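Novice: Have a look at this one before I ask anything.
The values are calculated or read from the model by the stated rules, or taken from the named source; none is laboratory data. As the structure is a computational prediction, the values presented were derived from the model and not from experiment. Here Cβ is always computed from backbone atoms with ideal geometry, including for glycine, and neighbour counts include all displayed protein chains.
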Amino acid sequence: MTMRLLGLSCGPADGSSDLLMKAALQGAEAAGVGVSHVRLGDLDLARWDEDAAWFWDQLMEHDGLLISAPIHNRTIPGKLKLLLDAILGPKADVAFALEYVRMRDAGEEATVRFPFDERVLRPRVAGFLAVGGALTDRWKALALPLMHHMTFSMQIGVVDQVVFEGAGVPSAIALDPAALQRAGRLGRNVAEQAGRAFDAVEFRGEPGLCPHCHLNAMVLLDGGAVECATCGAGGRLTAGGGVDFGDADAAARSVLTVAEKHDHFLEVQQTAIRQFAQSDAIAAGVAPYRDYDRTLSPQRPPAPA
């Protein structure tokens, strides 16, 4: 069966991010996979439950995901974050799926059950394209970390990622043939690994400080400890100004590992069980605030009969 990649472009039709997506999809097709192209702008916010569910089904029927986004206010467009929040969560988490499959096969009942879609266990690969007008890194640094949120729950292996600069007017990336060629190469890189399990995926983008997500956003902690702001892997500053991720236990804190996802599953389950047992106390805590109301809301004309 032919492998298929789903491309999600998050800017206007034939704008810079859309052109990069088309170049990536052409590269993927040249590598022998089938492709589909969805524009985020075609998903209707007024029918978000339906359209988000439709997109989720498209993603589940493909073997990989390409995302191309313009950079707005140093990061991804809000509508992409809205889609991310709408379709992800426990339903998209491989640790939840693995545990529910285990319990089902063992004849066990889950104490607390969240939405579950076994299709998330299908191996998938991904690539990210981001494009902005700024030339300096500080105006682009938050885009790729947020794009990783679209894939990590499903244990999708990121093959390649790149940020383009200098596209200051609509469709200006057309002036940069090297950028379009790089997008085509990203599409080929992802297509060539379609069907691979997460641990078998070979990263082909620019190396970053973090060996897991290959990005450079770091959080400095006490005593020289460092944590990757994108995936949570732990490391330590070195004398030469680099970061050592050689501690296996600290590196395993990355949310890209199934072990960390499983620990999170147990944490969520235990918290939910404990708090469901405190429903009376929760209701009592809410009661003093229930009748307090100082809200403002837009005034709209009544809907036509």
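Novice: Does any residue of segment 96-106 turn out to be under 21 Å from residue 16 (Cβ atoms), among the hydrophobic types (A, V, I, L, M, F, W, C) and not in a loop (DSSP other than H, G, I, E, B)?
Specialist: No, the conditions are met nowhere in segment 96-106.
Novice: Name, by its number, the condition in (1) within 17 Å of residue 148 (Cβ to Cβ); (2) at pLDDT 95 or above that does not hold for residue 229.
Specialist: The single condition residue 229 does not satisfy is (2).
Novice: Is it the case that segment 144-152 has a residue that's modelled with pLDDT of 90 or more and either in contact with a Lys or Arg (Cβ under 6 Å, 6 or more places away or on another chain) or acidic (Asp, Glu) (or both)? Full working, then the answer.
Specialist: Looking only at segment 144-152, we keep the residues that are modelled with pLDDT of 90 or more, and these are 144-152.
Remaining after also requiring either in contact with a Lys or Arg (Cβ under 6 Å, 6 or more places away or on another chain) or acidic (Asp, Glu) (or both): none.
Checked segment 144-152: no residue is modelled with pLDDT of 90 or more and either in contact with a Lys or Arg (Cβ under 6 Å, 6 or more places away or on another chain) or acidic (Asp, Glu) (or both).
Novice: Another question, then. If we keep just the residues of segment 17-57 that are exposed (fewer than 15 other Cβ atoms within 10 Å of the Cβ) and in contact (Cβ under 8 Å) with a residue 40 or more places away in the chain, which is farthest from residue 119 (Cα to Cα)?
Specialist: 30
Novice: So, of the residues in segment 244-282 that are among the acidic types (Asp, Glu) and under 13 Å from residue 232 (Cα atoms), which turns out to be modelled with the lowest pLDDT?
Specialist: Only one residue fits best here, namely 249.
Novice: Looking for something at pLDDT 90 or above, surrounded by 11 or more Cβ atoms within 10 Å (Cβ to Cβ), among the aromatic types (Phe, Trp, Tyr) and not in a helix (DSSP H, G or I) - is there at least one such residue anywhere in segment 192-208?
Specialist: Checked against the condition, which is being at pLDDT 90 or above, surrounded by 11 or more Cβ atoms within 10 Å (Cβ to Cβ), among the aromatic types (Phe, Trp, Tyr) and not in a helix (DSSP H, G or I), segment 192-208 yields at least one hit.
Novice: So is residue 76 within 13 Å of the chain's Cα centre (by Cα), within 24 Å of residue 167 (Cα to Cα), touching a residue at least 24 places away in the same chain (Cβ under 8 Å) and in the same structural domain as residue 178 (by TED's automatic domain parsing) or not?
Specialist: Working: within 13 Å of the chain's Cα centre (by Cα): yes; within 24 Å of residue 167 (Cα to Cα): yes; touching a residue at least 24 places away in the same chain (Cβ under 8 Å): yes; in the same structural domain as residue 178 (by TED's automatic domain parsing): yes.
It is true that residue 76 is within 13 Å of the chain's Cα centre (by Cα), within 24 Å of residue 167 (Cα to Cα), touching a residue at least 24 places away in the same chain (Cβ under 8 Å) and in the same structural domain as residue 178 (by TED's automatic domain parsing).
For every residue, the table says whether it meets (1) among the hydroxyl-bearing types (Ser, Thr, Tyr); (2) more than 30 Å from residue 142 (Cα to Cα); (3) surrounded by fewer than 12 Cβ atoms within 10 Å (Cβ to Cβ); (4) not assigned by TED's automatic domain parsing to the domain that holds residue 148.
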| site | (1), (2), (3), (4) |
| --- | --- |
| 226 | no, no, no, yes |
| 240 | no, no, yes, yes |
| 245 | no, no, no, yes |
| 284 | no, yes, yes, yes |
| 287 | no, yes, yes, yes |
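Novice: Looking at segment 209-225 only, could you name the residues that are touching a strand residue (DSSP E or B) at 6+ places or on another chain (Cβ under 9 Å) and outside any loop (DSSP other than H, G, I, E, B)?
Specialist: 218, 219, 220, 223, 224, 225
Novice: Of all residues in segment 109-133, which are farther than 23 Å from residue 197 by Cα and modelled with pLDDT of 90 or more?
Specialist: Within segment 109-133, 130, 131, 132, 133 meet the criteria.
Novice: Do you know which residues across segment 23-63 are closer than 27 Å to residue 169 by Cα and assigned to a loop (DSSP other than H, G, I, E, B)?
Specialist: Within segment 23-63, 43, 44 qualify.
Novice: Here is a list of conditions, (1) surrounded by 23 or more Cβ atoms within 10 Å (Cβ to Cβ); (2) under 20 Å from the mean Cα position of the chain (by Cα), and residue 61 meets all of them except one; can you say which number that is?
Specialist: (1)
Novice: Something else now. Could you identify the single residue in 280, 293, 249, 263 that is farther than 22 Å from residue 93 by Cα, of a type outside the set (Phe, Trp, Tyr) and in a helix (DSSP H, G or I)?
Specialist: Checking each option against the conditions leaves just 280.
Novice: Return yes or no: is residue 272 touching a strand residue (DSSP E or B) at 6+ places or on another chain (Cβ under 7 Å) and assigned to a helix (DSSP H, G or I)?
Specialist: No: the conditions fail for residue 272.
Novice: Among 167, 178, which is closer than 30 Å to residue 3 by Cα, assigned by TED's automatic domain parsing to the domain that holds residue 116 and either touching a Ser or Thr at 6+ places or on another chain (Cβ under 7 Å) or among the small types (Gly, Ala, Ser) (or both)?
Specialist: After ruling out the rest, the residue left standing is 178.
Novice: Can you tell me which residue in segment 64-93 is surrounded by the fewest Cβ atoms within 10 Å (Cβ to Cβ), limited to those that are of a type in the set (Val, Ile, Thr) and not in a strand (DSSP E or B)?
Specialist: Within segment 64-93, the match that is surrounded by the fewest Cβ atoms within 10 Å (Cβ to Cβ) is 87.
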